[in-house]
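Q: One structure coming up, written as structure tokens, with questions to follow.
The values are calculated or read from the model by the stated rules, or taken from the named source; none is laboratory data. Treat the numbers as computed from the prediction; the structure is a model and nothing was measured. FYI the Cβ positions are ideal-geometry reconstructions off the backbone, even for glycines, and counts take in every protein chain you see.
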């Protein structure tokens, strides 16, 4: 029979079990390919012989003051994240945009890091980053 004193111990044990059941990041290439969407855009990932091709199209959803179309090639890093490093031609090879893409369940997260010297990428205040949901197949 459990007492009031044993309840916190039982609950703490349950929390440990539940936390250990969390879905890990995708660590194999078969989970990533597909199309993902959110309110501002679409991400399409295709598997190739040498890695992945990532296409992202985003735009400002209310007035359309910016739009961004991106295509790059990437590979999985040691943590299972897809990493794409892009150098815009206009910046003559000095500036870069790094995308780190992770998948947990059906949520694709795109993290975007731009070098400080980037001149023109995605228009004024445009972006690629965010959480995208896997698009349902019809």
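Q: Of the numbered conditions (1) surrounded by fewer than 17 Cβ atoms within 10 Å (Cβ to Cβ); (2) outside any loop (DSSP other than H, G, I, E, B), residue 100 satisfies every one except a single condition; which is it?
A: Evaluating residue 100 over (1) surrounded by fewer than 17 Cβ atoms within 10 Å (Cβ to Cβ); (2) outside any loop (DSSP other than H, G, I, E, B) leaves (1) as the failure.
Yes or no, residue by residue, for (1) out of contact with any helix residue (DSSP H, G or I) (no Cβ under 6 Å at 6 or more places or on another chain); (2) at pLDDT 50 or above; (3) more than 20 Å from residue 133 (Cβ to Cβ):
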position	(1), (2), (3)
12	yes, no, yes
18	yes, no, yes
26	yes, no, no
33	yes, yes, no
54	yes, yes, no
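Q: Within region 60-97, track down each residue that is part of a strand (DSSP E or B), free of Cβ contacts under 8 Å to residues at least 40 places away in the same chain and within 17 Å of residue 128 (Cα to Cα). Don't jump to the end; show me each part of the working.
A: Within region 60-97, the first condition is being part of a strand (DSSP E or B), and the residues that meet it are 67-76, 82-86, 97.
With free of Cβ contacts under 8 Å to residues at least 40 places away in the same chain added as a condition, the list becomes 69, 71-75, 83-86, 97.
The answer is 69, 71, 72, 73, 74, 83, 84, 85, 86, 97.
Q: May I ask you to verify whether residue 122 is in contact (Cβ under 8 Å) with a residue 60 or more places away in the chain, touching a strand residue (DSSP E or B) at 6+ places or on another chain (Cβ under 9 Å) and outside any strand (DSSP E or B)? Explain how you work it out, then say what you get.
A: Working: in contact (Cβ under 8 Å) with a residue 60 or more places away in the chain: yes; touching a strand residue (DSSP E or B) at 6+ places or on another chain (Cβ under 9 Å): yes; outside any strand (DSSP E or B): yes.
When the stated conditions are applied, residue 122 passes them.
Q: Based on what the data block shows, is residue 76 touching a helix residue (DSSP H, G or I) at 6+ places or on another chain (Cβ under 8 Å), surrounded by 16 or more Cβ atoms within 10 Å (Cβ to Cβ) and at pLDDT 85 or above?
A: Working: touching a helix residue (DSSP H, G or I) at 6+ places or on another chain (Cβ under 8 Å): yes; surrounded by 16 or more Cβ atoms within 10 Å (Cβ to Cβ): yes; at pLDDT 85 or above: yes.
Judged against the criteria, residue 76 is a match.
Q: Regarding residue 86, is this residue touching a strand residue (DSSP E or B) at 6+ places or on another chain (Cβ under 9 Å), closer than 28 Å to residue 31 by Cα and at pLDDT 95 or above? If you could, list the steps in order and put the result at the bottom.
A: On the way: touching a strand residue (DSSP E or B) at 6+ places or on another chain (Cβ under 9 Å): yes; closer than 28 Å to residue 31 by Cα: yes; at pLDDT 95 or above: no.
Answer is no for this residue.
Q: When you look at residue 109, is it surrounded by 13 or more Cβ atoms within 10 Å (Cβ to Cβ) and more than 16 Å from the chain's Cα centre (by Cα), yes or no? Break it down stepwise before answering.
A: Numbers: surrounded by 13 or more Cβ atoms within 10 Å (Cβ to Cβ): yes; more than 16 Å from the chain's Cα centre (by Cα): no.
Spelling it out, it is not the case that residue 109 is surrounded by 13 or more Cβ atoms within 10 Å (Cβ to Cβ) and more than 16 Å from the chain's Cα centre (by Cα).
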